[in-house]
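Take a look at the structure below.
No lab work stands behind these numbers, since they all come straight from the coordinates. Keep in mind that what you see is a predicted model, and the values were worked out from it rather than measured. Heads up, the Cβs are rebuilt from the backbone with ideal geometry, glycines too, and the neighbour counts pull from every protein chain shown.
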Amino acid sequence: MKILVTNAGSSSLKITCFAAEGLQEVAKGMVERIGQASPALRFSQNGGQVASRPVEAADAGQALRALVACLGEAGLNGADQEEGIVAVGHRVVHGGEEMTRPVLVTPEIKELIARYAALAPLHNPPSLAGIEAAQELFPDAAQVAAFDTAFHASMPERAFIYALPWELYEQDKIRRYGFHGISHGFVFHEAARHLGAEPSGLKAVTCHLGNGCSMAAVNGGAARDTSMGFTPLEGLIMGTRCGDLDPAAVLYLQEQKGLGPAEALELMNHRSGLLALAGIGSGDLRDIEQAAGEGAPRAQLALDAFAYRIKKYIGAYAAALGGLDAVVFTAGIGENSPTVRRLACAGLEFLGLEIDEKLNQEGGEGVREISAPSSRVRLLVIPTNEELAIARQVLRVVRRED
Ligand code: ADP
């Protein structure tokens with residue numbers, strides 16, 4: 001029996017196929033540039049490349065069909081229960097206030113995903129297209145939706161409310177939702193496992209630092225606050241997003257610079273962040289670290305500002321949690337940049353955070369601890385695995401444990 005996980009992005013679709021027993025990954029694939037000039041497919045089985053070719057993919061549904069054909073060619077899509085795919089888990093970015101856990105897909109759930117497309121226009125529609133294609137391809141399989149927002153549903157009202165006129169919350173649902181929830185939940189539980197701690201007694205700050213970046217304050221497995229808000233634009237500085245900003249600056253852009261709403265949004269989402277600060281034509285942290293190393297002052301400023309904001313949120317979340325047992329770094333930057341981790345933790349000894357610079361510099365696989373033995377707060381680097389997290393959620397839903 002196998003479980004298939006789909007992850008539809010704004011222009012890509014990834015699949016991962018797991019053996020249901022033990023959740024070993026058996027194959028993965030991806031279609032990039034969906035809906036663009038020359039979509040490309042990659043597929044690998046047990047880590048070895050099997051296919052890499054151009055493909056017709058006008059939408060996420062067509063991309064999924066092409067990837068499922070690869071599964072068939074690899075003999076991983078048998079018709080019977082024993083060999084075939086018994087459940088499909090779909091990552092869905094926005095589930096609004098209603099979705100607090102993964103659920104079986106019903107017509108009502110599809111309607112909800114379509115409704116929240118207004119708040120996640122680049123992500124919910126391809127997820128829905130993927131779900132509909134999967135329902136056709138695997139009519140007998142359980143279809144499960146796992147929401148990025150669900151992990152944050154436990155935030156208290158005081159953390160998610162914006163101080164705007166009440167009807168904007170009540171009627172328009174303008175509030176903090178938070179994203180990357182599947183990753184924050186996954187690394188929190190991995191941290192508890194590594195520390196040999198009961199998740200229910202653990203207070204942690206999780207830092208998901210990839211192209212998109214967010215942090216969460218987690219107490220006992222429940223999110224108490226998170227840095228992304230109504231959309232993924234709020235919070236940390238990101239590759240090309242500005243993060244926290246005085247909203248009046250946006251109105252200034254519109255009134256004084258003549259930018260329309262779409263242009264302002266494009267500026268803040270795609271032309272800001274590390275890309276804008278460093279001024280080297282790249283928002284990729286590797287390029288920025290290299291430029292800073294060669295003495296480019298704005299690249300150094302980009303690094304400093306990026307890390308400073310992470311540090312501010314660590315302090316804020318330690319206060320929100322009323323204590324702190326662990327800080328977890330994950331995703332492309334969190335897992336691979338000792339510089340960002342060092343800068344973000346520097347000067348937080350008064351909170352009980354002491355990084356061991358030698359451990360911080362050492363690479364390695366799996367969960368790694370980078371705190372000094374005398375550090376009261378444990379510092380961990382934990383590779384995220386959203387696909388495995390979704391596969392676990394699918395199993396819990398199918399076994400009715402959730
Ligand atoms: P996404 O959010 O698209 O999944 P990732 O989690 O892959 O992104 O993170 C991408 C970011 O990770 C980029 O800024 C990239 O520069 C950074 N990154 C990846 N490897 C390294 C590395 N070895 N050192 C520093 N930064 C890295």
Efficiency of FRET between Ser38 and Gln135 - r from beta-carbon atoms, R0 41 angstrom, step 0.05 = 0.90
query = Measuring from the lowest to the highest alpha carbon on each principal axis, how far does the stretch 78-232 reach, largest first, in angstroms?
reply = 50, 45, 27
remark   = GNM of the chain, Cα pairs under 10 angstrom: of Tyr169, Tyr308, Tyr252, the biggest fluctuation goes to Tyr252
note = re the chain: pairs of Cα atoms spaced beyond 32 Å account for a percent value of 37 percent
key: Spacing of the two label points (7 Å from each Cα toward its C-beta) at Ser200 and Ala114, in nm   = 4.2 nm
Check: the chain dipole with +1 on Lys, Arg Cβ and -1 on Asp, Glu Cβ, in debye = 500 debye
task = Please state the charge dipole magnitude for the stretch 155-275, taken about the Cα centre, from unit charges on C-beta atoms (+1 on K and R, -1 on D and E), reported in debye and rounded to the nearest 20.
result = 340 debye
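Quote to one decimal, in nm, the extra length available between Lys358 and Ala79 on full extension: 0.36 nm per residue of separation minus the C-alpha distance between them.
Here the answer is 95.2 nm.
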query = When the chain is fully extended, how far beyond the present Cα-Cα distance does Tyr308 get from Asn211, taking 0.36 nm per residue of separation?
reply = 33.2 nm
query = Can you flag which of Lys14/Lys257; Lys14/Lys358; Lys28/Lys110; Lys173/Lys257; Lys28/Lys358; Lys311/Lys358 are past 32 Å Cα-Cα?
reply = Lys14/Lys257; Lys14/Lys358; Lys28/Lys358
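If we count trypsin sites (Lys or Arg not before Pro) as exposed when they sit in a DSSP loop and have at most 16 other beta carbons within 10 Å, what is the longest stretch of the chain that avoids them all?
On the way: sites that count: Arg33, Lys173, Arg271, Arg376, Arg399, Arg400.
By the stated rule (loop sites, at most 16 other Cβ atoms within 10 Å), 34-172.
Stick to the Cα atoms of the stretch 49-162, pair each with every other, and give me the Kirkwood hydrodynamic radius in Å at one decimal.
Values: mean 1/r = 0.0643 Å⁻¹.
Evaluated on the stretch 49-162, it is 15.5 Å.
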inquiry  = Below 8 Å between Cα atoms, with a sequence gap of 6+, how large is the relative contact order for the stretch 323-402 in percent?
reply    = 32 percent
key: For the stretch 231-358, the spread of Cα positions along each principal axis, largest first, Å   = 49, 39, 22
task = Could you work out the per residue convex hull volume over the alpha carbons of the stretch 362-402, in cubic angstrom?
result = 95 Å³
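Subtract the Cα-Cα distance of His270 and Leu122 from 0.36 nm times their separation in residues, and report this length gain in nm to one decimal. If you can, show how the numbers build up before the last one.
Numbers: separation 148, 0.36 × 148 = 53.28 nm, distance 1.36 nm.
Going from the current span to full extension adds 51.9 nm.
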message = Can you say what percent of the DSSP beta bridges in the chain, counting only those with both residues inside, are antiparallel? Round to 5.
response = 65 percent
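May I ask you to work out the translational diffusion coefficient for the stretch 153-220 at 20 °C, viscosity 1.002 mPa s, via Stokes-Einstein with Rh from the Kirkwood sum over Cα pairs, reported in whole µm²/s? Mind dumping the intermediate values first?
Values: Rh = 13.6 Å.
D = 158 µm²/s.
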ask   = Could you list log10 I(q)/I(0) for the stretch 103-161 at q = 0.16, 0.21 Å⁻¹, which the Debye formula gives when each Cα is one point scatterer?
value = -0.57, -0.87
task = Identify, among Gln62, Val50, Ser154, the residue whose Cα sits farthest towards the positive end of the charge dipole of the chain, taking +1 on the Cβ of Lys and Arg and -1 on the Cβ of Asp and Glu, with the dipole about the Cα centre.
result = Ser154
remark   = Footprinting proxy, Glu190, Glu157, Glu362, Glu349: sorted fewest to most Cβ within 10 Å, the residues are Glu157, Glu362, Glu349, Glu190
query = Simple spin-label model, 7 Å along Cα-to-Cβ: Asp287 to Arg158 in nm?
reply = 4.4 nm
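Any idea what the dipole of the stretch 263-364 comes to, in debye rounded to 20, about its Cα centre with Lys/Arg Cβ at +1 and Asp/Glu Cβ at -1? Don't skip to the answer; put the middle values down first.
Working: 9 positive and 14 negative charges, 49 e Å.
It works out to roughly 240 debye.
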remark   = Nearest-0.05 FRET efficiency for Asp244 and Ser52 at R0 = 35 Å, using Cβ-Cβ distance, is 0.30
query = the stretch 6-107: percent of C-alpha pairs farther apart than 24 Å?
reply = 28 percent
query = Which value at 222 nm does the chain reach when only helices count, each DSSP H run of 4 or more adding -39,500 (n - 2.57), with the total divided by all residues and rounded to the nearest 500 deg cm²/dmol?
reply = -11500 deg cm²/dmol
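How much of the DSSP bridge set in the stretch 290-402 is antiparallel, in percent, rounded to the nearest 5?
Numbers: 3 of 8 bridges.
Roughly 40 percent of the beta bridges in the stretch 290-402 run antiparallel, per DSSP.
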task = DSSP loop (so not H, G, I, E, B), at most 15 other Cβ within 10 Å: list which GluC sites (Glu not before Pro) in the stretch 256-342 pass both filters.
result = Glu294
ask   = How about the stretch 48-153: which GluC sites (Glu not before Pro) there lie in a loop by DSSP and see at most 16 other Cβ atoms within 10 Å?
value = Glu56, Glu82, Glu83, Glu97, Glu98
remark   = The relative contact order of the chain, taking Cα pairs under 8 Å that sit 6 or more residues apart, comes to a percentage of 13 percent
